[in-house]
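I'd like to ask some things about the structure below.
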Amino acid sequence: MTDDFRSDPKNHNPMSAFKRIRLVISRKENLQLTLTALVLQLSFLIGLWISTLPYLTNPPCAICGNPKTKAVKTFWQYRSRPQRYIMEKNIWYCEKHRQNAPKIVTKLPSEKDTVAMRLTIVTVTGSLGFVGLLYTLAMLESNFIPLFIQPALLLLSLFIFGRSSNTSIYLLLAGIVIPPIFIFYFWSKRQS
Ligand SMILES: [Zn+2]
């Protein structure tokens, strides 16, 4: 036999890889786990938006990024050479960081940084993480339980780290890359 697996043109076809992934996901147990994780993922995302609706137009906390903020009148010292000027500005802080808010700052938070934009980032990274993880698990024909990592990360950002906080965003960004790498690592260890 000279033919091996790779020389068969069928195995190079991206459609057959896609079909195989679809087949793995449609197995009864995998499908049940996928749908359960998906329902959790979607309900946490919806919960995230609904619970943040009253704060969507607030600028996020200048220190941690949380959505529940109030403005603090602050002096902004800026330099327009050779002189320095001072201007009064509103800077937004959460309750925790409002207590130690500086009276004078030299740098203002970006005006483009809004709670709505941060929630959009959370939604996009959470969804990419979910799809990436599902793809990895199906490709390796692994157990589908790790799919619950994604709704768990959303739950942490909802209740522990803050809905639009810097920590939640970093956590969800890491959640796109780190779980598939770990799963692949354990899978390849088991194979050898
Ligand atoms: Zn804060």
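The values are calculated or read from the model by the stated rules, or taken from the named source; none is laboratory data. Values in this document were obtained by computation on a predicted structure and should not be read as measured data. Note: ideal-geometry Cβ built from the backbone for every residue, glycine included; neighbour counts use all protein chains shown.
Do we have residue 4 as more than 16 Å from the ligand (Cβ to nearest atom), loosely packed, with under 11 Cβ neighbours inside 10 Å, farther than 18 Å from residue 123 by Cα and modelled with pLDDT under 95 here? Step through it out loud before you land on a result.
Working: more than 16 Å from the ligand (Cβ to nearest atom): yes; loosely packed, with under 11 Cβ neighbours inside 10 Å: yes; farther than 18 Å from residue 123 by Cα: yes; modelled with pLDDT under 95: yes.
Yes: the conditions hold for residue 4.
I've got another one for you. For residue 170, work out the one condition from (1) over 21 Å from residue 69 (Cα atoms); (2) surrounded by fewer than 17 Cβ atoms within 10 Å (Cβ to Cβ) it doesn't fulfil.
Every condition holds for residue 170 apart from (1).
In region 69-86, which residues are out of contact with any Cys (no Cβ under 6 Å at 6 or more places or on another chain) and either within 16 Å of the ligand (Cβ to nearest atom) or assigned to a loop (DSSP other than H, G, I, E, B) (or both)?
Quick first cut of region 69-86, residues out of contact with any Cys (no Cβ under 6 Å at 6 or more places or on another chain) only: 70-86.
Hits for region 69-86 are 70, 71, 72, 74, 81, 82.
Check off (1) over 14 Å from residue 67 (Cα atoms); (2) in a helix (DSSP H, G or I); (3) within 16 Å of the ligand (Cβ to nearest atom) for residue 152 and give me the number that stays unchecked.
That leaves (3) as the condition not met.
Okay, next question. Looking at the structure I just gave you, is residue 184 more than 16 Å from the ligand (Cβ to nearest atom), free of Cβ contacts under 8 Å to residues at least 60 places away in the same chain and more than 15 Å from the chain's Cα centre (by Cα)? Give the steps one after another, and end with the answer.
Numbers: more than 16 Å from the ligand (Cβ to nearest atom): yes; free of Cβ contacts under 8 Å to residues at least 60 places away in the same chain: yes; more than 15 Å from the chain's Cα centre (by Cα): yes.
Considered against the rule, which asks whether it is more than 16 Å from the ligand (Cβ to nearest atom), free of Cβ contacts under 8 Å to residues at least 60 places away in the same chain and more than 15 Å from the chain's Cα centre (by Cα), residue 184 comes out as yes.
Looking at (1) more than 10 Å from the ligand (Cβ to nearest atom); (2) without any contact (Cβ under 8 Å) to a residue 40 or more places away in the chain; (3) assigned to a loop (DSSP other than H, G, I, E, B), which is the only condition residue 101 fails?
Of the numbered conditions (1) more than 10 Å from the ligand (Cβ to nearest atom); (2) without any contact (Cβ under 8 Å) to a residue 40 or more places away in the chain; (3) assigned to a loop (DSSP other than H, G, I, E, B), the odd one out for residue 101 is (1).
Return the only residue of 57, 34 being surrounded by 13 or more Cβ atoms within 10 Å (Cβ to Cβ) and hydroxyl-bearing (Ser, Thr, Tyr). Show your work before the answer.
Details: 57 fails: surrounded by 13 or more Cβ atoms within 10 Å (Cβ to Cβ).
Residue meeting the stated conditions: 34.
Right, next: Name the residues in region 15-65 that are assigned to a loop (DSSP other than H, G, I, E, B) and among the basic types (Lys, Arg), would you?
Here is the first cut: in region 15-65, the residues assigned to a loop (DSSP other than H, G, I, E, B) are 26-27, 56-65.
Selection gives 27 alone.
Here's another thing I want to ask about it. Anything in region 108-148 that is under 18 Å from residue 35 (Cβ atoms), without any contact (Cβ under 8 Å) to a residue 40 or more places away in the chain and outside any helix (DSSP H, G or I)? List them, or say none.
The one that is under 18 Å from residue 35 (Cβ atoms), without any contact (Cβ under 8 Å) to a residue 40 or more places away in the chain and outside any helix (DSSP H, G or I): 143.
What pairs come up if the first residue lies in region 160-176 and is more than 19 Å from residue 114 (Cβ to Cβ), the second is among the basic types (Lys, Arg) and buried (at least 20 other Cβ atoms within 10 Å of the Cβ), and their beta carbons are under 9 Å apart, counting only those six or more places apart or on different chains?
No pair meets every condition.
Within region 57-68, can one find any residue that is farther than 19 Å from residue 147 by Cα and more than 16 Å from the ligand (Cβ to nearest atom)?
Scanning region 57-68 turns up at least one residue that is farther than 19 Å from residue 147 by Cα and more than 16 Å from the ligand (Cβ to nearest atom).
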